Ligand code: SF4
């Protein structure tokens, strides 16, 4: 399935949640969901009671859209999560959080996950000293993520760092503001993931 290229605010309106896909705009009163807090489309303002399956499907779509993951990749992550010991739903979220584009966003090196993905693709970051331009690269404890030396002077990167300077970095990451380097110091715990997701619904969906 191809990546969605339409208006991203429609995705938030569909899910009824802020997915924070547009950077700083999401924190202003220009937010599309704040302006039109109903689902897009002709019947968007009608009330609709979802079936159990509908609820599970919406939760999976919401998670996919938060992290910008395609359907097939998401199914692979679920398989990986299911094979690991522990709680499958938690495992799934930890895998999603470990994606390099998400880590870049969490460190404040991107204003949104979509922007972070693009910056990774443009080759602005290193992991353990080597350039990595794969947004789905999964980081692990001990990895050091840095902005490439040449990229530190880029106007784009400077503007991102200025914009995100007040962002709180989760405790499983350690950010050094002076060197613009982040280290993965722990596996994230469920409480570290501030997204309103009911992952057990996703597990139920895939367990049918
Ligand atoms: Fe979603 Fe951001 Fe658009 Fe608001 S501005 S609807 S949070 S993408």
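Values in this text are rule-based calculations from the coordinates and carry no lab data. In this text the structure is predicted, and so the values were computed from the model without any measurement. Please note: Cβ atoms are built from the backbone with ideal geometry, for glycine as well, and neighbour counts cover all protein chains shown.
General observations
- Residues 194, 101, 174 arranged by fewest to most Cβ contacts within 10 Å: 194, 174, 101
- Among 149, 17, the order by Cβ neighbours within 10 angstrom, fewest to most, reads 149, 17.
- Across segment 56-107, Cα-Cα pairs farther apart than 13 Å form 58% of the total.
- Rounded to two decimals, the Cα radius of gyration of segment 126-208 over 2.2 N^0.38 Å is 1.35.
- The chain: angle of helix 88-97 to the longest principal axis, Cα-based, in degrees nearest 10: 50 degrees
- For segment 35-156, alpha-carbon Rg and Dmax in angstrom: 17.5, 53
- The C-alpha atoms of the chain define a longest principal axis, and helix 52-67 lies at about 20 degrees to it.
- Relative to the longest principal axis of the Cα atoms of the chain, the long axis of helix 71-83 makes an angle of roughly 80 degrees.
- Counting neighbouring beta carbons within 10 Å and listing from fewest to most, the residues 103, 8 come out as 8, 103.
- For the chain, taking Cα atoms only, Rg and Dmax work out to 17.5, 53 Å respectively.
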